[in-house]
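K.L.:
This is the structure I want to talk about, given as structure tokens.
The values are calculated or read from the model by the stated rules, or taken from the named source; none is laboratory data. Computed from a prediction, not measured in an experiment: that's the story for all the values here. Note: ideal-geometry Cβ built from the backbone for every residue, glycine included; neighbour counts use all protein chains shown. We work out accessible area using only protein heavy atoms, side chains counted, and drop any ligands, DNA or RNA first. Shrake-Rupley method; radii C 1.70, N 1.55, O 1.52, S 1.80 Å.
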Amino acid sequence: MLLKRPRILMVERRERADFSLDSLLSGGAGLARRQAWIALAPHLDAEVELELADLSVIEALSPDAACPRADLDARFGAARVDALVAAGLLVGDHDGHATLRERERVLGETAWWPPAAVAHALGRWDGVDIAADEERLGRVSLAQLLDHHGPPPAEATVQRPRASWLPLPAPATGPLDQVLRRRASCRNFIAEAGVPLADLSTTLHRVFGAQAAQVLAPGATMLKKNSPSGGGLHPIDAYVLAQRVDGLEPGLYHYQCLEHVLEPMQVQPAATVAGFAHELVAGQAWFANAPVLVLMAARFQRNFWKYRRHAKAWKVILLDAGHLSQNFQLSATEQGYGAFVTGAINDRCAERLFGFDGLGTGAIAVCGMGRRAAAITTIEFDPLGLAPRG
């Protein structure tokens, strides 16, 4: 067997608390605190606890030049090498590590900035159910937050004394202002109401559609969309989860932004698609019930092709998603729908549903739209009372 170390690996010294029967019996909190070394590697799906001596093994290897297993056994002992191979912190050429080798390959080809790769890969959720957790553990109220943490930072900052402030002219108003004032995140959708395919088409084209394409050099085509994008690269694709779209079968689709078409990926019974929606938005039933959900997924390779291992490239992709989600909400609001965006999603569910690898292409956030219910059963923040209903 030949072994390499991971391409990206960070190590953190962290205090951990373990259950201690001795502490509990002696009147303590039942916890024993200890210091631990934690390995953070984006080719893995979870962090790994290390022994200090493990670092010497990892240090002896390269991500690009493989070392025979026998040499490492002779230097560090077979048991220690076994543990690191089992944890995936040494990547081997055997069949059991085929997936890890593929993730390592994608990491290298995508040119991630290492801290961003760690944050993205280890921040992915799987199997989270927010509503179920709240039912089991209890919802944390605003009063509890204030009690535990004190008041939040001020709602608006003041940098200079009031006497120095300069009054501004009254702002002009127009049709856009009316749409902006009506926009409010929706958590209550009419259960039976659908969205006509024509309305979904309008929103997809406004938000994600290419308004123009221009070849800037052979092999390099840039798109004009209705929102800005770092480097003009527009790495975010839209994937549609249709539940109640009039004129469209329930299922999963990819929106092809150049041709303005939907590419069917999975056409499934409505109940199956509803299960997909519930898992995708981490059990947030108030979002899962929307007639249509749109997953924003980033092709990181598109962005990092230009900004290779760049410290700002991942941040710019998240900014892109913010621009798109606001346009999505404005378009839906202008059409009379309620809309939302959430980043609290099960990323690995999105990877399974749409076939992403999580590193070359990965989930960012989910938007949704539909007719807003008149009755508010899940709390919404709409202090102006102008959001369209019914």
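K.L.:
Please give every one of the aspartates and glutamates within straight-line cross-link reach of residue 224, meaning a C-alpha to C-alpha distance under 19 Å, and leave out same-chain neighbours fewer than 8 residues apart.
P.N.:
Partners found: 237, 259, 320.
K.L.:
If you work out Cα Rg over 2.2 N^0.38 Å from the coordinates, which of (1) 0.96; (2) 1.17; (3) 1.09 do you get?
P.N.:
Only one listed value fits the structure, namely (2).
K.L.:
If you don't mind, another one. Cα gyration tensor of region 315-356, axes a ≥ b ≥ c as square roots of the eigenvalues: rounded (a/c below 1.5), prolate (a/b > b/c) or oblate?
P.N.:
Values: a/c = 2.76, a/b = 1.59, b/c = 1.73.
In terms of gyration-tensor shape, oblate.
K.L.:
Further, regarding this structure: Give the Kirkwood hydrodynamic radius (Å, one decimal) of region 317-390, defined as one over the mean of 1/r across all pairs of different Cα atoms.
P.N.:
Values: mean 1/r = 0.0712 Å⁻¹.
That comes to 14.1 Å for region 317-390.
K.L.:
Roughly what angle does helix 98-110 make with the longest principal axis of the chain, taking Cα atoms, 0 to 90 degrees, to the nearest 10?
P.N.:
Tilt relative to the chain: about 60 degrees.
K.L.:
Enter the mean projected area of the convex hull around the alpha-carbon atoms of region 240-390, in nm², rounded to one decimal.
P.N.:
Projected over every direction and averaged, the Cα hull of region 240-390 covers 10.1 nm².
K.L.:
Show me the ranking of peptides 342-353, 116-127 by mean Cβ neighbours inside 10 Å, starting with the highest. All intermediate terms of the calculation are to be shown ahead of the outcome.
P.N.:
Values: 342-353: 20.4, 116-127: 17.2.
Peptide ranking by packing, descending: 342-353, 116-127.
K.L.:
Helix 197-207 against the longest principal axis of the chain: what's the angle in degrees, Cα atoms only, rounded to the nearest 10?
P.N.:
So the helix axis and the longest Cα principal axis differ by about 70 degrees.
K.L.:
With θ set to phi - 60°, apply the Karplus curve 6.51 cos²θ - 1.76 cosθ + 1.60 along region 260-266 and write out the HN-Hα couplings as whole Hz, x wherever there is a Gly or Pro.
P.N.:
Listing the rounded values in order: 6, 9, 9, 9, x, 10, 8 Hz.
K.L.:
Check cross-link reach from residue 225 to the lysines: straight Cα distance under 28 Å, and skip same-chain residues fewer than eight apart.
P.N.:
306, 312, 315
K.L.:
Highest mean first, what order results for 29-37, 67-75, 317-325 on Cβ atoms within 10 Å? Walk me through the numbers on the way to the answer.
P.N.:
Details: 29-37: 12.6, 67-75: 14.4, 317-325: 20.1.
Ranked from most to least packed, the peptides come out as 317-325, 67-75, 29-37.
K.L.:
Which order do 49, 104, 135 take by accessible area at a 1.4 Å probe, largest first? Don't skip to the answer; put the middle values down first.
P.N.:
Details: 49 75, 104 20, 135 165 Å².
Accessible-area ranking of 49, 104, 135, largest first: 135, 49, 104.
K.L.:
So if I take the centroid of the Cα atoms in region 90-161 and the same for region 283-360, what is the distance between those two points in Å?
P.N.:
If we compute the Cα centre of each part, the gap is 15 Å.
K.L.:
Per DSSP helix of 4 or more residues, -39500 (n - 2.57); summed, then divided by the residues of the chain. What does that give at 222 nm, rounded to the nearest 500?
P.N.:
Values: 15 runs with 136 residues, N = 390.
For the chain, the value works out to -10000 deg cm²/dmol.
K.L.:
Still on this structure, please answer the following. Using only the alpha-carbon atoms of region 31-101, report the extent along each of the three principal axes, biggest first, to the nearest angstrom.
P.N.:
Principal extents (Cα only, largest first): 41, 27, 18 Å.
K.L.:
Give the angle, between 0 and 90 degrees and rounded to the nearest 10, that separates the Cα long axis of helix 78-87 from the longest principal axis of the Cα atoms of the chain.
P.N.:
Helix 78-87 sits roughly 10 degrees off the main axis of the chain.
K.L.:
In addition: Could you work out what % of the accessible surface of the chain is carbon and sulfur, using a 1.4 angstrom probe and leaving DNA, RNA and ligands out of the count? Let's see the in-between values first.
P.N.:
On the way: 11450 of 20250 Å².
So the carbon and sulfur contribution to the accessible surface is 57 percent.
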